[in-house]
Structure formats: structure tokens, C-alpha cells
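The values are calculated or read from the model by the stated rules, or taken from the named source; none is laboratory data. Everything quoted here is computed from the prediction, not taken from an experiment. Cβ placement follows ideal geometry from the backbone for every residue including glycine, while neighbour counts extend to all protein chains displayed.
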Amino acid sequence: MIGPISFTDADIDKSVKDKDIGAYILSKGNNVANYVGRSDSSLKQRLKQHLQNGIYTQFWFETVTSALDAYYLECQWYHKYSPKDNENHPAIPPGSAWKCPVAGCPYST
Ligand SMILES: [Zn+2]
């Protein structure tokens, strides 16, 4: 995982490559994980969408090489940090049958 990085347009551009996919954590400060997410198409674009809300000040990210790995990573962080701004468990793409990798999770079976 890379971070914490200040959550600004310039620092996103500096840290994340255009074609990177993966998972990310957003924080409102004090290194608290307030939101986790992923992008299977463009991590950079997704982060910039969040930037428009103006409520987060730091982020972390990790790149992966497949959409499934991005989902797994998001699930692991979701369970590890219980981020308050995530209302729902990480979603699977329509038509997929992916299972959460975290044992005991209702979405793991
Ligand atoms: Zn789960």
C-alpha cells in the first residue's frame, strides 16, 4: 500500500498512473480510514471524482493487475478498517459470482 498521500489533484497526478487499477482508502485526517473503494478501469479518475466532494484529505492506494484482485483488496480493507463512510459491502460486477475472500463474511459463501 502506498500512502498516506495528501488528497489533492496534483498529488493524485504525481502518484497514480493513468492506467492503474486497484483499491484505495480515503481519510478525513489523522490516518483514519473513512472510506475504501476500488476502480477496475481508472484509479486516477475514480479518485478525482471523490476529490470533487472535498471531504477527504489523505489517501492510500495499491495497484493490482485484475478486476478480481481489486475486489479482493477492497474487501480485505473493508473488513479490516470498517470504514464509516461505506454504507454497503463492496459490490461485485453485474453478472459475476465473485465471493468475498474474508472468512465469516456473509458474502464469502
Ligand atoms: Zn466480505
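Looking across the range 1-32, just one residue is more than 17 Å from GLN76 (Cα to Cα), part of a strand (DSSP E or B) and touching a helix residue (DSSP H, G or I) at 6+ places or on another chain (Cβ under 7 Å), and that is ILE5. When we screen ALA103, ALA33, ALA97, ALA91 for residues that are touching a Ser or Thr at 6+ places or on another chain (Cβ under 7 Å) and not β-branched (Val, Ile, Thr), the only hit is ALA33. Selection within the range 67-86: residues that are away from the ligand (no atom under 14 Å from the Cβ) and assigned to a loop (DSSP other than H, G, I, E, B). The member of this set that is farthest from the chain's Cα centre (by Cα) is LYS84. In summary, GLY104 fulfils each of the numbered conditions (1) under 19 Å from MET1 (Cβ atoms); (2) without any contact (Cβ under 8 Å) to a residue 60 or more places away in the chain; (3) not hydrophobic (A, V, I, L, M, F, W, C) with the single exception of condition (1). Pairing each residue of the range 81-96 that is under 20 Å from SER41 (Cβ atoms) with any residue that is assigned to a loop (DSSP other than H, G, I, E, B), provided the two are 6+ apart or on different chains, yields C-beta distances under 8 Å for PRO90/CYS100; ILE92/TRP98; PRO93/ASP40.
Selection of the range 45-70 for residues being farther than 19 Å from ILE2 by Cβ and without any contact (Cβ under 8 Å) to a residue 40 or more places away in the chain yields GLN49, GLN52, ASN53, GLY54, ILE55, LEU68.
Basic (Lys, Arg), more than 12 Å from the chain's Cα centre (by Cα) and surrounded by 12 or more Cβ atoms within 10 Å (Cβ to Cβ): is that true of LYS48 in this structure? Yes, satisfied. When only residues in the range 54-66 that are of a type outside the set (D, E, K, R) and part of a strand (DSSP E or B) count, which is surrounded by the fewest Cβ atoms within 10 Å (Cβ to Cβ)? That would be THR63. Hey, any hits in the range 34-48 for a residue that's within 16 Å of the ligand (Cβ to nearest atom), at pLDDT 95 or above and either hydrophobic (A, V, I, L, M, F, W, C) or part of a helix (DSSP H, G or I) (or both)? Yes: the range 34-48 contains one or more residues that are within 16 Å of the ligand (Cβ to nearest atom), at pLDDT 95 or above and either hydrophobic (A, V, I, L, M, F, W, C) or part of a helix (DSSP H, G or I) (or both). Residues in the range 67-102 that are among the hydroxyl-bearing types (Ser, Thr, Tyr) and buried (at least 17 other Cβ atoms within 10 Å of the Cβ): TYR71, TYR72, TYR78.
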